[in-house]
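Some notes on the structure that comes next.
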Amino acid sequence: MNVEEVIIAIVKFGEKEYMQELLNGRLYTRRLKYYRYYEKKFSDKSRGDVDEGAQILNDVEFYCINPKNGLTMFSGKGKAKIICDELDKRPIFCSCCILKKDLELIKKDKEYNTYRLNFSRILGEAFDESYWDTGVVIEPNYFFERIKTCCEKEDIVLSGEKIIYYDNKMNLQDLNKSVEDNSKNIVFWKDYAYEKQKEHRILFENISLENNGDNFTLDIGSLDGHSIMFTKKQLKETTLKILIKNDI
């Protein structure tokens, strides 16, 4: 992995009562399809996406053939959206990730370099969103290890990745190859219009939620000592200094 892509912090936004639940180690998730439904119902792109989990194919030629005589009834060219029904039922945990490349280098030293983490500069427009009043900043290595350990105990299969942002008005070869390799990979691709969300996702591959109103909660134990909760105002005004070894 490119060292500049290393995750320095996980940030989760929400209402205070739910963020307190997260501090207590309860990860609340919705199924993938819920996020397409959310934008359609509420016209809210901050939490929804009508193309969530869909592979978009552009300039697709199509033909409607009469099965009786084999003649073409009509044809055309347009956009196709491929959706996997089973994948739609899988719950995902979404968060924001701050990467090493997001930090500002302020001092070089032999063993450690000093960086500035300015939440206001990095998260920018997130502070304008009305759906959250509280943010939780989490140490990523501990967080991911707790999730992995709990899932192993409960025989839950999971995968987690940073979102790859792309222009879904283009047929991207890398995306198509990724989905051909494994259909679940579409979960980790989104249109670049959402790039400022800086999203990281965890997919629970063998949990199934049948309805948009359903949810899945994973209890990983308290995050005490490995996380901190801020009000929106506090987070916007917070700047941290971080020491990172030169070999990281």
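Nothing in this text is a laboratory measurement; each read-out follows from the coordinates by a stated rule. Here the structure is a predicted model, which is why all the values come from computation and not from measurement. Methodologically, a virtual Cβ is constructed for each residue, glycine included, from the backbone with ideal geometry; neighbour enumeration extends over all protein chains shown.
Karplus-derived 3J(HN,Hα) values for the stretch 109-117, using 6.51 cos²θ - 1.76 cosθ + 1.60 with θ = phi - 60°, are 9, 4, 9, 10, 9, 9, 10, 9, 10 Hz; glycine and proline are entered as x.
Hand me the GluC sites (Glu not before Pro) from the stretch 96-164 located in a DSSP loop with no more than 15 other Cβ atoms within 10 Å, in residue order please. When the GluC sites (Glu not before Pro) of the stretch 96-164 are filtered for loop state and at most 15 Cβ neighbours within 10 Å, GLU111, GLU129, GLU154 remain.
Largest GNM mean-square fluctuation among ASN66, ASN171, ASN24, using the chain with Cα springs under 10 Å: ASN66. Note on the stretch 137-196: semi-axes of the ellipsoid equivalent to its C-alpha gyration tensor, largest first and rounded to whole Å, are 28, 16, 7.
Of VAL137, VAL60, VAL11, the residue with the greatest mean-square motion in the GNM of the chain, using alpha carbon springs below 10 Å, is VAL60.
When a/c is below 1.5 the answer is rounded, else prolate if a/b is larger than b/c, else oblate, so apply that to the stretch 1-100 with a ≥ b ≥ c taken from the square roots of the Cα gyration tensor eigenvalues. Prolate is the answer for the stretch 1-100, as a/c is 1.5 or above and a/b outweighs b/c.
Over 19 Å between Cα atoms, which of LYS89/LYS177; LYS16/LYS233; LYS45/LYS196; LYS79/LYS169 qualify? Listed pairs above 19 Å: LYS89/LYS177. Backbone amide hydrogens, once placed in the peptide plane, bring SER46 within less than 5 Å of nothing, excluding anything fewer than 5 places away on its chain. Neighbours of LYS162, meaning other residues whose beta-carbon lies under 13 angstrom from its beta-carbon, give a summed charge of -1 when Lys and Arg score +1 and Asp and Glu score -1. The distance linking the stretch 175-248 with the stretch 135-171 is 5 Å (Cα centroid to Cα centroid, whole angstrom). Given the choices (1) 65, 40, 34; (2) 76, 38, 35; (3) 48, 41, 38, Cα extents along the principal axes in Å derived from the coordinates of this structure is entry (2). Across the stretch 226-232, rounded Karplus estimates of 3J(HN,Hα) from the backbone phi angles (6.51 cos²θ - 1.76 cosθ + 1.60, θ = phi - 60°) give 10, 7, 8, 9, 10, 6, 4 Hz, Gly and Pro being marked x.
Test of the criteria: in the stretch 1-40, which GluC sites (Glu not before Pro) are in a DSSP loop and have at most 14 other Cβ atoms within 10 angstrom of their Cβ? Sparse-neighbourhood loop GluC sites (Glu not before Pro): GLU15. Multiplying each eigenvalue of the alpha-carbon gyration tensor of the stretch 93-212 by 5 and taking the square root yields semi-axes of 28, 21, 17 Å, largest first, rounded to whole angstroms.
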